[in-house]
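What follows is one structure encoded as structure tokens, with my remarks underneath.
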Amino acid sequence: MQRQSQRRNVPRRTAQPRARVNPNTPNQPSTRRRKPLPNRRKRRAPATGDAALRLSQCARDYAAALADPVGGPLACLPIWPALLTRKFRTFAKGQANTGTNGFGFVIAQPWFGSMSDQVVVQSTDANFTGTTAAGIVTVGTGVNNANSNSDYVAATFAAGALQSQFRLVVGALRVRYVGTELNRGGDFLGYCDPNHSSVVGMTPTNFLANTETVRSAVNQKREWHMLTATTAISAERDFQTQATIPSAEFMGFILVPPTTAVGLPIDWEFYGLYEATGTQIRGKSVSHADTHNFEHINTAANNVITRVHTGSGVERMSSILNTAAHGARAIAPIVSGVGRVASAGSEALEALGPLFGILGL
């Protein structure tokens with residue numbers, strides 16, 4: 001009986017669970033349930049620049065030409081009509097200074113840069129007798145005219161049986177100080193009229209009354225201060241003849257010296273990029289249309305580079321593309337009807353594509 005009671009008091013041995021191998025800790029048995037591995041997939045950052053917009057090659061070349069009119073690609077306007085055109089660049093260079101009354105300027109009419117017999121830039125020298133009160137004038141002592149080095153003349157684009165036409169892609173006017181370090185100082189007042197109206201007759205006060213005017217100081221780097229003109233007005237996007245283009249100088253710099261006696265000697269350069277078509281035009285190449293991205297690029301450029309800017313073309317290109325991508329994201333909820341902004345410019349444009357087609361944009 002005693003042996004039986006002892007046997008009853010012995011605890012029963014329970015079956016031990018089978019050891020499992022945890023793949024996260026090799027050669028170590030574990031009885032715990034395996035936890036799911038964390039999702040280690042790298043999240044893709046929102047696209048920026050041309051990746052966000054998914055630009056076609058023609059739109060990318062157009063953006064690069066706006067960012068660097070001096071050395072960028074020979075681009076066309078990526079809009080309809082996409083014709084066989086010759087893409088060409090012209091330039092004019094010179095020097096300017098303030099006059100005897102401490103007032104001077106450099107103004108340009110970019111459309112005239114396509115014709116070598118038309119005045120594209122007017123500037124003053126040290127003999128200029130104009131005054132701040134009189135403002136910008138186009139004739140008088142010390143006012144100098146400059147033409148571009150274009151292959152064409154006004155008669156090329158005159159109306160007639162062999163009529164040729166052209167349009168402006170981008171125009172740029174830039175200035176930099178070239179005087180002595182001892183006399184370095186003063187300011188540049190840069191202004192490009194948004195409606196491409198004339199700046200003739202404007203005074204420094206008139207310039208400064210415009211939001212678009214930038215007052216940039218002559219700095220130690222002696223860098224270029226650039227104004228850029230785009231086809232901001234829809235009527236200017238069509239091919240033009242010599243008789244239909246804007247005739248007024250609508251962009252320029254007023255020179256403000258540190259003192260009247262010192263003056264403000266500068267170098268100036270003008271660059272124009274154009275495309276021309278017609279029976280008299282040789283060397284034409286295929287053009288393309290990317291209307292959707294053209295609107296984004298052109299809108300961004302009008303907000304970024306039509307005011308005075310410095311720095312490299314790469315920096316301006318980045319600003320244009322990122323501003324354009326931001327614009328694409330900003331209008332996505334308005335056009336698509338979704339109450340939130342798309343997470344990336346590429347997603348926004350994919351959503352906008354069919355609707356742009358319906359709207360005919």
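Of the set (1) under 21 Å from residue 63 (Cβ atoms); (2) modelled with pLDDT of 95 or more, all apply to residue 206 but (1).
If I filter region 272-286 for residues that are within 29 Å of residue 325 (Cβ to Cβ) and assigned to a loop (DSSP other than H, G, I, E, B), do I get at least one hit? Checked region 272-286: at least one residue is within 29 Å of residue 325 (Cβ to Cβ) and assigned to a loop (DSSP other than H, G, I, E, B).
Among the residues of region 91-116, none is identified as touching a Leu at 6+ places or on another chain (Cβ under 8 Å), surrounded by fewer than 24 Cβ atoms within 10 Å (Cβ to Cβ) and over 30 Å from residue 132 (Cα atoms). Checking every residue in region 175-191 against the condition of being at pLDDT 95 or above, closer than 30 Å to residue 59 by Cα, buried (at least 21 other Cβ atoms within 10 Å of the Cβ) and not hydroxyl-bearing (Ser, Thr, Tyr) gives at least one match. Here residue 235 meets each of (1) in contact with a Lys or Arg (Cβ under 7 Å, 6 or more places away or on another chain); (2) assigned to a helix (DSSP H, G or I); (3) not basic (Lys, Arg) with one exception, condition (1). Can you tell me which residue is nearest to the chain's Cα centre (by Cα) among those in region 47-65 that are in a helix (DSSP H, G or I), at pLDDT 75 or above and not hydrophobic (A, V, I, L, M, F, W, C)? Across region 47-65, the extreme among qualifying residues is 62.
Considering only residues in region 155-210 that are small (Gly, Ala, Ser) and touching a helix residue (DSSP H, G or I) at 6+ places or on another chain (Cβ under 6 Å), the one that is farthest from residue 278 (Cα to Cα) turns out to be 171. If you go through region 173-217 and pick out every residue that is in a helix (DSSP H, G or I) and out of contact with any Phe, Trp or Tyr (no Cβ under 7 Å at 6 or more places or on another chain), you end up with 4. In the condition set (1) polar (S, T, N, Q); (2) touching a residue at least 40 places away in the same chain (Cβ under 8 Å); (3) assigned to a strand (DSSP E or B), residue 98 is compliant with all but (3). For region 94-111, filtered to residues that are of a type outside the set (A, V, I, L, M, F, W, C) and farther than 20 Å from residue 141 by Cα, the residue that is nearest to the chain's Cα centre (by Cα) is 110.
The values are calculated or read from the model by the stated rules, or taken from the named source; none is laboratory data. Here the structure is a predicted model, which means the values were calculated and not measured. All Cβ positions, glycine included, derive from the backbone under ideal geometry; neighbour counts span all protein chains shown.
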